[in-house]
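These notes are about the structure you will find just below.
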Amino acid sequence: MKIYPAFLSFLFITIFISPSVSDHCNAQDKKVLLKIKKALGNPYLLASWDPKTDCCDWYCLECHPNTHRVVSLTLFSDDRLTGQIPPEVGDLPYLETLLFRHLPNLNGTIQPAIAKLKNLKTLRLSWTNLSGPVPNFLSQLKNLTYLDLSFNNLSGSIPSSLSTLPNLEALHLDRNKLTGTIPESFGMFPRKNLYLFILSHNKLSGTIPASLANMDFNTIDLSRNLLEGDPSVLFGPNKTTFEIDLSRNMFQFDLSKVQFPKSLARLDLNHNKITGSIPAGLTDLELQFMNVSYNRLCGQIPVGGRLQSFDYSTYFHNRCLCGAPLDTCK
């Protein structure tokens, strides 16, 4: 049988060249990823990171469909992964998503090399043992839309520079050990309608900055801090807020003077020093949840809307509230 040269060429390409053609992974990205794996102690979570295979097929990451550059690195839920965030993460220049989550043995501070990731849109470092401050360099990530640093051991004050992030839509700094005040600059985010503004379970003190009147948050959670004064600027009839949780602080204001957003569906004000009465305007809202217990409220609970659908625990431990579902007013 005669073997044609063209067939021999095809056979050579199939045997010797095809493996490299099928490897879409960028060579530099692969080199960086293997350094990250080594720095983390070659955890089982990264067992698929075999240098002989295409890194775009590896677990915990994603490549761009056209450029094949690594755009997402997501490491999560592994008790055996130990150490610090490797500086090599900053050498993945096309990264848009970086996630280290539910890694209780990940320690150290937030890696400064992250500041090099100019294309980063989502940064989630949560449920870890990270400590130290919330770093100023995060304000250099101008494409960032989602910042989650919750459930860590971060301490110190919140950097005011975060308010310069032009595309930020969600901010999670809850469940840390943060101190100091909420920056006045947080009323000056370029996007006025942040979706999530979550600073709960810290040791923040002081009053609510008046500048926050400029913001229209969908969800606000400042619960379990040491905040005081009048937070009324967070409310307002022209806002589109869905949920407000100010519980377990030291806020002191007259609730009867507050004007609520028509969109408000969840309101938690328990364990404060709130005075006045429950405003009748709350009967106009489609409330799904409400708790005003452990305050200093007085007067009759307005009848109507959803206010009688909640049980007594929503209202108890106030100075002199009465009416359904509490005892009848005398």
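Within region 247-304, the only residue that satisfies the criterion of being in a loop (DSSP other than H, G, I, E, B), closer than 20 Å to PRO237 by Cα, of a type in the set (Ser, Thr, Tyr) and more than 24 Å from the chain's Cα centre (by Cα) is SER277.
Condition check: outside any loop (DSSP other than H, G, I, E, B), surrounded by 15 or more Cβ atoms within 10 Å (Cβ to Cβ) and either at pLDDT below 95 or of a type outside the set (S, T, N, Q) (or both). Does LEU321 satisfy that? Taking the combined requirement at face value, the residue satisfies it.
The set of residues in region 156-184 that are acidic (Asp, Glu) and either surrounded by fewer than 15 Cβ atoms within 10 Å (Cβ to Cβ) or in contact (Cβ under 8 Å) with a residue 40 or more places away in the chain (or both) comprises ASP174, GLU184. Please determine whether any residue of region 136-155 is open to solvent by 30 Å² or more (accessible area, probe 1.4 Å), part of a loop (DSSP other than H, G, I, E, B), within 24 Å of THR207 (Cα to Cα) and not aromatic (Phe, Trp, Tyr). No: zero hits.
Residue pairs whose Cβ atoms lie under 8 Å apart, separated by 6 or more positions or on different chains, with the first residue in region 201-230 and without any contact (Cβ under 8 Å) to a residue 40 or more places away in the chain and part of a helix (DSSP H, G or I) and the second open to solvent by 20 Å² or more (accessible area, probe 1.4 Å) and not charged (D, E, K, R), are ALA210/VAL233; SER211/SER185; SER211/MET188; LEU212/VAL233; ALA213/VAL233; ASN214/MET188. Checking the structure you have, find out if any residue of region 12-20 is at pLDDT 95 or above and open to solvent by 60 Å² or more (accessible area, probe 1.4 Å). Checked region 12-20: no residue is at pLDDT 95 or above and open to solvent by 60 Å² or more (accessible area, probe 1.4 Å). Within region 305-318, the residues that satisfy the criterion of being open to solvent by less than 50 Å² (accessible area, probe 1.4 Å), part of a loop (DSSP other than H, G, I, E, B) and of a type outside the set (S, T, N, Q) are PHE310, TYR315.
When region 199-210 is filtered for residues that are more than 18 Å from SER139 (Cα to Cα) and of a type outside the set (Lys, Arg), the ones remaining, listed by number, are SER200, HIS201, ASN202, LEU204, SER205, GLY206, THR207, ILE208, PRO209, ALA210. A count restricted to region 198-218 and to residues that are closer than 19 Å to GLY156 by Cβ and open to solvent by less than 30 Å² (accessible area, probe 1.4 Å) stands at 7.
The values are calculated or read from the model by the stated rules, or taken from the named source; none is laboratory data. If you're wondering where the values come from, they're calculated on a predicted model, not measured in any experiment. Virtual Cβ from ideal backbone geometry, glycine too; neighbours counted across all protein chains shown. Surface accessibility is based on the protein's heavy atoms, side chains included, excluding ligands, DNA and RNA. Shrake-Rupley method; radii C 1.70, N 1.55, O 1.52, S 1.80 Å.
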